[in-house]
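Visitor: My questions will all concern the structure given below.
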Amino acid sequence: MPEPVETHDPEGVDYGWVMQTTFVVTIVAGAPLVALVALAVGVSLPTWGARVSFAVRVGALVWFVVAVGVFLYAKRNQE
């Protein structure tokens, strides 16, 4: 078995894990949340441009909240 070329032993928070988890949770939970917000608020989205703009604005907020939550979870559960 060949020796690994590079190893990584993070001290503190593993930011790679935080970024990957943030990406997955934002996609899985964010898409339905954006759709629910669009329906609940009753925003008129007549064109694709309006839909994209709305999804980006709400999705950015979802991404930020998820990223902070995942980071705090990782920070609290450090080994």
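Values in this text are rule-based calculations from the coordinates and carry no lab data. Everything numeric here is computed off the predicted structure, so don't read it as measured data. Methodologically, a virtual Cβ is constructed for each residue, glycine included, from the backbone with ideal geometry; neighbour enumeration extends over all protein chains shown.
Visitor: Over the Cα atoms of the chain, what Rg and Dmax result, in angstrom?
Guide: 17.8, 60
Visitor: Another question, then. So how do 60-73, 35-48 stack up, highest first, on mean other-Cβ count within 10 Å?
Guide: 60-73, 35-48
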